[in-house]
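Engineer: I'd like to ask some things about the structure below.
The values are calculated or read from the model by the stated rules, or taken from the named source; none is laboratory data. Keep in mind it's a predicted model, so treat the numbers as computed, not measured. So basically every Cβ, Gly included, is an ideal-geometry build from the backbone, and we count neighbours across all protein chains shown.
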Amino acid sequence: MSSCDKKLDLLPRQSVAEDVALSSDANVKKVLNGAYDVVSSGNLWGGNLLLFSELLGANGEIRWEGTFNQPREVWSKAMITTNSFIRDTWLSAYDVVNVSNNILGAIDVVNEADKNRVKGEALFLRGSMFFELVRLYAKPYTAGNINSNPGIPIVTTPTRKIDENSYVARSTVEQSYAQIVADLTEAESLLPNTNGVYANKAAAAAMLSRVYLQMERFANARDAADRAITIATAAGRSLATTYAAAFNNSANSTEYLFAIQVSALDGSNNMHLYWSIPTFGGRDGDVSIQAAHLSIYEPTDSRRTLFYSGAGATRSGKWKEQYKILPIIRLAEMYLTRAEANFRLGTAIGATPLQDVNRIRQRAGLLPLAIVTLDNILLERKLELAHEGHSIHDRKRLRLTTDALSFDADKLVLPIPQREIDASNGILIQNAGY
Amino acid sequence: MRKSVLVLLLVLVLINSLFAQILEIKGRILDSKGNAIIGASIHEKNSTRGTTTDENGNFLFQAHRGTTLIITSVGFERKEINVASETNIDLVLQQEESALSEVIVTGYTTVQKSRYSGASASVPITKIRTQPMASFDQALQGNAAGVSVIATSGQPGAQGIIRIRGNGSISGNNSPLYILDGIQISAGDFASMNQGDFESVDILKDAVATSMYGSRGANGVIVITTRRGSVNQIQLNYDGQVGFSVLPKDRLVMMNSQQKIEYELRRGNPYNWSDAVADSLQNINFNWREALFRTGVTQQHQISASGGGQNSTFYASLSYMDQDGIVKKTGLKRYTGRINVDNTIKNFRFGLSLQGGFSKLNNTPEGGTFLNMPLNAIRWSNPYDTDFNPTTGDYNQTLNPTTGVPTGQFRSGQPNGALELFENERDILQAKGIAISYLEYHLPFVQGLKIRTNWGIDYSQNESNFFISPKTSAGIARVGALTRGLSRNFRYTGTTSINYQKTLGSHDFQGGLFTEVVKNNFRTFSFTGYGFTSDFKNEAGITPGSATNQNFIPTVGGNGTQNSILSYFAILNYTLNEKYFIDFVVRRDGSSTFGANNRFANFGSVGIRWKASQEIFFNNINALSDLDFRASIGTTGNRVSPLEDYPIPYFGPASYAGTSGLVPASPGNLDYSWEKNRTINIGFDYGLFLRRIFASIDLYDRTTKDLFFSLPVDPAGSGFTSIPGNYGGMRNRGIEVALTTEPVRTKDFRWTLGGNITYNRNTITDLQEDTVITSTTVLAKGFPLNSYYLVDFAGVNTDNGNALYRTRTGALTETYNPGERVIWGTADAPWFGGFNTSISYKGFDLSAQLNFFLGRVLFNNERNNVINPQYYTDNMAVEMMREWQKPGDITDVPRATSAGGNAYQFNTTRLLEDASYWRLRNVTLAYNVNQNLLSGAGIRSARFYVQGQNWWTWTRFQSFDPELTQGSAHTGAQYPALIQTTVGVSIGF
């Protein structure tokens, strides 16, 4: 009978057993590429992480007009706990965390020469996902009570078996940020200066500067931004010649510190999908730009002329064309972060705030400022980075009221998906207000 | 020498006359088809002496000369013969004409229904053979108690959804197992099989019947046998039908141009029509149904021959079917051939069946809400938009304002459905081959012992060819797309058995030991090419693409699965005194798809039938011709899990930035195992007045435990969203009543009336989570699978036009709150069945079948898309004309605007409609030509008929067809079931 039983030992055709997948240098590197695949999905940096931020921070400047209810709930701050978009972002982010943990757990089989790079990339992805989760699914760092407000579950070991230990409670906001800072700091130290389209040292420093800015640790933010700028420019990165040239690219612009690779063959760009119009392969023009936003720009601002009309409304030109790369961190952001932090601290590390701001203004076709105020810097930041996923995060840290809601309002925090509340055997606590 | 011979003869005659009182009689008892009747009883009248026939129908018996022998066998008419001098009696027993005389083919054994303790149903084969349906499963509807058959589409060749005694699984398979001549066949490609070749279709329902299929039997088994030749009866038959099909009545009424323009103007004139344009558009009333639908023509032909000599028989057939769909460009062409050969040489019997089928299915995408499904055009396209521009002859469409390129869309952004239907191509070439052979050896030294091995392959191949024209809105971006795909499934089933049959006095044993292996191998691949800059609609038109023109780089894909089962089992049927019948099955199955810890499982069943009417105390009740009680209990499994999961932890493929990768795909579960079913069945069969009235009633209780369940896990902890697991329970309880009556039976006139009614109650008994909500439905403990979960819509506030909702406490509110959703009914009808009647007079017969599905509700998503006021730039249902406009308006349609908390909500009972229906499934009028008229022409038989399918339907459901359901919602883009009328002829030579 036992020889007959061998007929039952059939393996899946398109899968690799776990022990094989993590057994060799080549395979662990394949798993690393798999982690980027997950992070590039439409649920994460393939679009929805950016979309949620913009819809939450709409403040009358953009409208969700599409037929999908899930983004509409986010835009109208009426999210329900079973919103499938919100659920899938959570699920995919933790998928990245687990893949990263698998890589880190198998790091010893990676060739010595590549070990730091592989480990750095895994830490970059894990830290970045924790950061994206904590700033969407938890109260803002600036809301105080960081040692009691619930953050997100932190997991740093790969899952080998589902058992009681697989259920992890939420850490506090402070603990969550501590893990994020640790991951990204270590990633920055390990990553090489250049790494193709994958995460490099400048990307990790830039992400770290974002984290510190969110925490209002301006000196850290300034230094991290300055390091990102220094490393990137030394490696040949620079602002694109025109503002329009920074978007709709089929290959990384010199301005990108990190971007999600999208081509006709691979990858998804949900920002294009929802923000563009059928003429350019998008949906029905689900997001429209309102006059309240357009009126902020100076008339000659080339960032204003990038908007276009289509399907009955004004559309963002940043997401116009199909199958284009989705920038996650642009060099311009680092100049603006450095300017803001320098200004707040009264320092001029790397450059003066005026120099950094004028660098951005000149590229936008505007006259340089003679003197700069914090408001100048923040306005420049808002216009330069508009509709790229910064909206609600900047509004929260700047304590701005959004759609008549206070920056720390319950309704500006996404609900923990009901599915997770149910599946966690009561260990996960729902956010206030849901 | 001569003298001595004469003396010897005289002596012999004398000796013979000395023994004249006792005759040694040899004989053989056959049925009308020449098959041996096993276990027929032969006994002397007014005596206890008797014997039974062996497995070849032979008997040997010593009887007194002049006595009367009584020959009986259950299911056959009793026969008495006088023994004069003949010592060789070959008798043919006629089958009794009643439900009890049917033979049940279980796939491994053949037993008479009247001797079987299991619950099963035989579908009258004539009803299956002649109904003009390309997928035979749809013809089962209403023909068997406990079997629900629902069409998913009216596209020629579309399959039905069959549920035997309800849904037993939440995420696993609920379809029955199909067995053809002993081997498992795929359920997906009946369009390439010819039901004209079928000899019998038996539906096995309870555990006695299904547990011999062990891990595959949970959802019931449909056993099909094909026609074989009969000894010394060479026949040639021609069967042909031609007819037409038309579109059913549309119960979802859309606005005409006048109404639509009026509505648009009321809503603020979104297209800014000038008065003159608005007036002129009101006069265009384009009928989108006429643009896309047509009257379809159907024809089918079959030639078959059967016959044979003493040692070999054959059956062979060729068939052709050509069925136009009622949507233009759709249809099916099918070609099949079959040959069955059976041979007997000494103690060996062997046979071979070969079947080949090929079909071409042209279809259109359906059952979705995608803009580019042409069938959505009849709902969404404005009635003032026409398909073609009469001056240019080109499709009506707008131009891209920047590039001037045609968009394939109307100004509403809606694709031109005619362009989508006529410019795109969608066809599937399907090939199916089945080959089965068997070898049987009857051991010469032990009577009743035989060894049999049966092996068969089922191969199906689907080659798809989908072309999206660069002219369509979906094709513009990449200048058209051609997707070609090939999938093939190969499965072999091999069964080897030792069977033994023995009669000891009043005890009759029949049994077998079996071993079986089933292996399945599925593979598929496809590619999509782009850049159709030339006029080719095939591979020649593909532009290869390059790094600078990535849009045109073709994409490729492929996949495959394989799995196997290994089984050992035993079957025993025991009969005592032809009154008590007991059936046992035990089986052990191993499957490759389950965790190593739980790979094997045991199944079994026991059933008993008691023919109470044979007991002496019933002898005096003349009206009672039959009274049988049946009871059974047993277990089966469901092996087909949702994704053919693999129990080990594994990684799957990924890719990023042009480089391949690996990602964890499943954490595995080494304890993953079968879904387990336990069915209890209690039934009785009741015949009155020489079976002029015959009823079967079955009560069943089917419980499923350890359901396949993707256990949701918190990914924060694990990174996985779910693991394959077994959790939960479900129960189906029901009653089935089948009745046949014959109110009138005279020589020339016969009237039959019958029917079957099933009530099935499905309940989820155990669930890992309290409730699992998916869009409009919920899984909840204590309620049926896929119960609707909606907020109660309570009309419109006459003062402000806001929609009103009823809360769980009964209060009216204007605030929509998903927390107030409550459970409503399901799309699975608890009550269903069919009634049939036939009247025959001389050569004429008229029959009709009326099917019903009652007590079901259906979420009408098709209507959802045409009553949502946001979509007012497209056409809307005419009910929107009743929309609230000013205080005091009494209506059921809320105001259009959403400001002030009146956003349109679809998760409400406003879209839940009564979907019960009655349908006149089939009406046939036939004339059988008198044989006296035919014999001169060398024709054995001739039958002419005219039949109608779905001529009449009663329902309140607002669409074409209440039947078509994909899952639990009526999605939209519906391809309605055909209303067909055909005339046919069957001639036998």
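Engineer: What helices (runs of 4 or more DSSP H), lying completely within the range A:208-296, carry at least 1 residues that are crowded, with 22+ Cβ neighbours inside 10 Å and of a type in the set (S, T, N, Q)?
Structural biologist: Values: elements: A:218-234, A:270-275, A:291-294.
Result: A:270-275.
Engineer: Any residue in the range A:252-259 that is within 14 Å of another protein chain (Cβ to nearest Cβ) and farther than 30 Å from B:GLY529 by Cβ? Steps first, answer last, please.
Structural biologist: Step one: list which residues in the range A:252-259 are within 14 Å of another protein chain (Cβ to nearest Cβ), which gives A:252, A:256, A:258-259.
Pick out the ones that are also farther than 30 Å from B:GLY529 by Cβ and you get A:256, A:258.
Looking for residues that are within 14 Å of another protein chain (Cβ to nearest Cβ) and farther than 30 Å from B:GLY529 by Cβ, one finds at least one in the range A:252-259, hence yes.
Engineer: Still on this structure, I have one more. Which residues, counting only those in the range B:342-367, are more than 30 Å from B:TYR320 (Cα to Cα) and surrounded by fewer than 16 Cβ atoms within 10 Å (Cβ to Cβ)?
Structural biologist: B:ILE345, B:LYS346, B:ASN347, B:PHE348
Engineer: Something else: Here are some conditions: (1) buried (at least 20 other Cβ atoms within 10 Å of the Cβ); (2) among the β-branched types (Val, Ile, Thr); (3) more than 12 Å from chain A (Cβ to nearest Cβ). B:THR483 meets all but one. Which one does it not meet?
Structural biologist: All conditions are met except number (1).
Engineer: Sort through A:LYS6, A:LYS30 and tell me the only one that's modelled with pLDDT under 95, at the interface with another protein chain (Cβ under 9 Å from one of its Cβ atoms) and outside any loop (DSSP other than H, G, I, E, B). Working first, answer last.
Structural biologist: Working: A:LYS6 fails: at the interface with another protein chain (Cβ under 9 Å from one of its Cβ atoms).
Every option except A:LYS30 fails the conditions.
Engineer: Can you tell me which residue among B:ASN597, B:ASN563, B:ASN559 is within 14 Å of chain A (Cβ to nearest Cβ), surrounded by fewer than 18 Cβ atoms within 10 Å (Cβ to Cβ) and in a strand (DSSP E or B)? Spell out the reasoning first.
Structural biologist: On the way: B:ASN597 fails: in a strand (DSSP E or B); B:ASN563 fails: surrounded by fewer than 18 Cβ atoms within 10 Å (Cβ to Cβ).
Being within 14 Å of chain A (Cβ to nearest Cβ), surrounded by fewer than 18 Cβ atoms within 10 Å (Cβ to Cβ) and in a strand (DSSP E or B) holds for just one of B:ASN597, B:ASN563, B:ASN559, which is B:ASN559.
Engineer: Hand me the list of strands (runs of 3 or more DSSP E) wholly inside the range B:879-962 holding 1 or more residues that are touching a residue at least 12 places away in the same chain (Cβ under 8 Å) and more than 30 Å from B:GLN131 (Cα to Cα). Reasoning before the result, please.
Structural biologist: Values: elements: B:912-914, B:917-928, B:941-955.
Qualifying strands (runs of 3 or more DSSP E): B:912-914.
Engineer: Looking at the range A:130-147 only, could you name the residues that are assigned to a loop (DSSP other than H, G, I, E, B) and either surrounded by 21 or more Cβ atoms within 10 Å (Cβ to Cβ) or at pLDDT 95 or above (or both)?
Structural biologist: Going residue by residue through the range A:130-147, those that are assigned to a loop (DSSP other than H, G, I, E, B) are A:138-140, A:144-147.
A:ALA138, A:LYS139, A:PRO140, listed by residue number.
Engineer: Consider only pairs whose beta carbons are under 6 Å apart and that are at least six residues apart or on different chains; among these, list those whose first residue lies in the range B:844-871 and is farther than 30 Å from B:ARG750 by Cα and whose second residue is β-branched (Val, Ile, Thr).
Structural biologist: B:PHE859/B:THR776; B:ASN861/B:THR971
Engineer: Hey, can you tell me all the residues within the range B:130-160 that are outside any loop (DSSP other than H, G, I, E, B) and in contact (Cβ under 8 Å) with a residue 24 or more places away in the chain? If you could, list the steps in order and put the result at the bottom.
Structural biologist: The initial filter retains those residues of the range B:130-160 that are outside any loop (DSSP other than H, G, I, E, B), namely B:130, B:136-140, B:147-151, B:160.
Within the range B:130-160, B:THR130, B:PHE136, B:ASP137, B:ALA139, B:LEU140, B:VAL147, B:SER148, B:ILE150, B:ALA151, B:GLY160 qualify.
Engineer: Do we find that A:VAL118 is within 14 Å of another protein chain (Cβ to nearest Cβ) and surrounded by fewer than 20 Cβ atoms within 10 Å (Cβ to Cβ) in this structure? Break it down into steps so the answer makes sense when it comes.
Structural biologist: Working: within 14 Å of another protein chain (Cβ to nearest Cβ): yes; surrounded by fewer than 20 Cβ atoms within 10 Å (Cβ to Cβ): no.
It is false that A:VAL118 is within 14 Å of another protein chain (Cβ to nearest Cβ) and surrounded by fewer than 20 Cβ atoms within 10 Å (Cβ to Cβ).
Engineer: To continue, here is another question. Output the residues belonging to the range B:152-172 that are charged (D, E, K, R) and surrounded by fewer than 24 Cβ atoms within 10 Å (Cβ to Cβ).
Structural biologist: Of the range B:152-172, the ones charged (D, E, K, R) are B:163, B:165.
Passing the criteria: only B:ARG163.
Engineer: Okay, moving on. What do you reckon, is A:ASN193 more than 14 Å from every other protein chain (Cβ to nearest Cβ), in contact with a helix residue (DSSP H, G or I) (Cβ under 6 Å, 6 or more places away or on another chain), over 24 Å from A:ASP394 (Cα atoms) and surrounded by fewer than 23 Cβ atoms within 10 Å (Cβ to Cβ)? Before you say what the answer is, go through the steps one by one.
Structural biologist: Details: more than 14 Å from every other protein chain (Cβ to nearest Cβ): yes; in contact with a helix residue (DSSP H, G or I) (Cβ under 6 Å, 6 or more places away or on another chain): yes; over 24 Å from A:ASP394 (Cα atoms): yes; surrounded by fewer than 23 Cβ atoms within 10 Å (Cβ to Cβ): yes.
Considered against the rule, which asks whether it is more than 14 Å from every other protein chain (Cβ to nearest Cβ), in contact with a helix residue (DSSP H, G or I) (Cβ under 6 Å, 6 or more places away or on another chain), over 24 Å from A:ASP394 (Cα atoms) and surrounded by fewer than 23 Cβ atoms within 10 Å (Cβ to Cβ), A:ASN193 comes out as yes.
Engineer: Restricting the search to the range A:82-108, which residues are within 12 Å of chain B (Cβ to nearest Cβ) and over 30 Å from B:THR777 (Cα atoms)? Even if it seems obvious, please write down each step before you answer.
Structural biologist: Step one: list which residues in the range A:82-108 are within 12 Å of chain B (Cβ to nearest Cβ), which gives A:82-84, A:87-103, A:105-106.
Within the range A:82-108, A:VAL96, A:VAL97, A:ASN98, A:VAL99, A:SER100, A:ASN101, A:ASN102, A:ILE103, A:GLY105, A:ALA106 qualify.
Engineer: Still on this structure, I have one more. Answer with yes or no whether B:ASN622 is over 23 Å from B:LYS519 (Cβ atoms), assigned to a loop (DSSP other than H, G, I, E, B), away from every other protein chain (no Cβ under 14 Å) and not charged (D, E, K, R).
Structural biologist: Numbers: over 23 Å from B:LYS519 (Cβ atoms): yes; assigned to a loop (DSSP other than H, G, I, E, B): yes; away from every other protein chain (no Cβ under 14 Å): yes; not charged (D, E, K, R): yes.
For B:ASN622, the condition - over 23 Å from B:LYS519 (Cβ atoms), assigned to a loop (DSSP other than H, G, I, E, B), away from every other protein chain (no Cβ under 14 Å) and not charged (D, E, K, R) - is met.
Engineer: Got at least one residue in the range B:578-593 being free of Cβ contacts under 8 Å to residues at least 12 places away in the same chain, farther than 25 Å from B:GLN112 by Cβ and of a type outside the set (Val, Ile, Thr)? Can you show your working first?
Structural biologist: Our first condition is that a residue be free of Cβ contacts under 8 Å to residues at least 12 places away in the same chain; within the range B:578-593, this holds for none.
No: the range B:578-593 contains no residue that is free of Cβ contacts under 8 Å to residues at least 12 places away in the same chain, farther than 25 Å from B:GLN112 by Cβ and of a type outside the set (Val, Ile, Thr).
Engineer: Kindly evaluate A:GLU54 against the criterion of being within 29 Å of the chain's Cα centre (by Cα), within 12 Å of chain B (Cβ to nearest Cβ) and modelled with pLDDT of 85 or more. First the steps, then the outcome.
Structural biologist: Values: within 29 Å of the chain's Cα centre (by Cα): yes; within 12 Å of chain B (Cβ to nearest Cβ): no; modelled with pLDDT of 85 or more: yes.
So A:GLU54 fails the test.
Engineer: Of the numbered conditions (1) surrounded by 19 or more Cβ atoms within 10 Å (Cβ to Cβ); (2) more than 12 Å from chain B (Cβ to nearest Cβ); (3) not small (Gly, Ala, Ser), A:ASN111 satisfies every one except a single condition; which is it?
Structural biologist: (1)
Engineer: Could you tell me whether any residue of the range B:509-517 is among the aromatic types (Phe, Trp, Tyr), in contact with a Ser or Thr (Cβ under 7 Å, 6 or more places away or on another chain) and facing chain A (nearest Cβ under 10 Å)? So that I can check it myself, show each step before the final result.
Structural biologist: First, pick out the residues of the range B:509-517 that are among the aromatic types (Phe, Trp, Tyr): B:509, B:514.
With the extra rule that they be in contact with a Ser or Thr (Cβ under 7 Å, 6 or more places away or on another chain), the set shrinks to B:514.
Still in the running and facing chain A (nearest Cβ under 10 Å): none.
No, that holds for no residue.
Engineer: If you don't mind, there's one more thing I want to ask. Quick one: in the range B:386-416, of everything that is polar (S, T, N, Q), touching a residue at least 12 places away in the same chain (Cβ under 8 Å) and assigned to a loop (DSSP other than H, G, I, E, B), which residue is surrounded by the most Cβ atoms within 10 Å (Cβ to Cβ)?
Structural biologist: In the first step, residues of the range B:386-416 are kept if they are polar (S, T, N, Q); the result is B:386, B:389, B:391-392, B:396-398, B:400, B:402-403, B:407, B:409, B:412, B:414, B:416.
Then keep just the ones that are touching a residue at least 12 places away in the same chain (Cβ under 8 Å); that gives B:386, B:396-398, B:407, B:409, B:412, B:414, B:416.
Keeping just the survivors that are assigned to a loop (DSSP other than H, G, I, E, B) gives B:386, B:396-398, B:407, B:412, B:414, B:416.
Details: B:THR386: 20, B:ASN396: 20, B:GLN397: 19, B:THR398: 14, B:THR407: 21, B:SER412: 18, B:GLN414: 22, B:ASN416: 30.
Result: B:ASN416.
Engineer: Looking at B:THR741, B:THR765, B:THR746, which is the one that is surrounded by fewer than 19 Cβ atoms within 10 Å (Cβ to Cβ), free of Cβ contacts under 8 Å to residues at least 24 places away in the same chain and among the hydroxyl-bearing types (Ser, Thr, Tyr)? First the steps, then the outcome.
Structural biologist: Numbers: B:THR741 fails: free of Cβ contacts under 8 Å to residues at least 24 places away in the same chain; B:THR765 fails: free of Cβ contacts under 8 Å to residues at least 24 places away in the same chain.
Going through B:THR741, B:THR765, B:THR746 in turn, just one is surrounded by fewer than 19 Cβ atoms within 10 Å (Cβ to Cβ), free of Cβ contacts under 8 Å to residues at least 24 places away in the same chain and among the hydroxyl-bearing types (Ser, Thr, Tyr): B:THR746.
Engineer: Among the numbered criteria (1) crowded, with 19+ Cβ neighbours inside 10 Å; (2) touching a residue at least 60 places away in the same chain (Cβ under 8 Å), which single criterion is violated by B:SER506?
Structural biologist: The one condition B:SER506 does not meet is (1).
Engineer: Within 28 Å of B:GLY972 (Cα to Cα) and not β-branched (Val, Ile, Thr): does that describe B:SER230?
Structural biologist: Numbers: within 28 Å of B:GLY972 (Cα to Cα): no; not β-branched (Val, Ile, Thr): yes.
The answer is no for B:SER230.
Engineer: Name the single residue, out of those in the range A:305-348 being without any contact (Cβ under 8 Å) to a residue 12 or more places away in the chain and part of a loop (DSSP other than H, G, I, E, B), that is farthest from the other protein chains (Cβ to nearest Cβ).
Structural biologist: A:GLY346
Engineer: Something else about it: Counting only residues that are at pLDDT 90 or above and in contact with a strand residue (DSSP E or B) (Cβ under 6 Å, 6 or more places away or on another chain), give me the strands (runs of 3 or more DSSP E) lying completely in the range B:760-819 with at least 3 of them.
Structural biologist: B:787-790, B:792-796, B:803-806
Engineer: Right, here's the next one. Test A:ALA225 against the criterion of being touching a residue at least 12 places away in the same chain (Cβ under 8 Å) and more than 17 Å from the chain's Cα centre (by Cα), and give yes or no. Show your work before the answer.
Structural biologist: Details: touching a residue at least 12 places away in the same chain (Cβ under 8 Å): yes; more than 17 Å from the chain's Cα centre (by Cα): no.
Here the answer is no, as A:ALA225 does not meet what is asked.
Engineer: Follow-up question, since we're still on this one. Any chance the range B:638-649 includes a residue that's more than 18 Å from B:PRO724 (Cα to Cα), within 14 Å of chain A (Cβ to nearest Cβ) and either surrounded by 19 or more Cβ atoms within 10 Å (Cβ to Cβ) or of a type in the set (Ser, Thr, Tyr) (or both)? Give the derivation first.
Structural biologist: Filtering the range B:638-649 down to residues more than 18 Å from B:PRO724 (Cα to Cα) leaves none.
Within the range B:638-649, none of the residues are more than 18 Å from B:PRO724 (Cα to Cα), within 14 Å of chain A (Cβ to nearest Cβ) and either surrounded by 19 or more Cβ atoms within 10 Å (Cβ to Cβ) or of a type in the set (Ser, Thr, Tyr) (or both).
Engineer: Step by step: first the residues of the range B:669-701, then only those that are more than 23 Å from B:SER175 (Cα to Cα) and either outside any strand (DSSP E or B) or of a type in the set (Lys, Arg) (or both), then the one that is modelled with the highest pLDDT. Which residue is that? Can you show your working first?
Structural biologist: Initially, the range B:669-701 is screened for residues more than 23 Å from B:SER175 (Cα to Cα), giving B:669-671, B:682-697.
In the following step, the residues that additionally are either outside any strand (DSSP E or B) or of a type in the set (Lys, Arg) (or both) were identified as B:669-671, B:689-692.
On the way: B:ASN669: 78, B:LEU670: 77, B:ASP671: 79, B:PHE689: 80, B:LEU690: 74, B:ARG691: 75, B:ARG692: 85.
Among those residues, the one meeting the criterion is B:ARG692.
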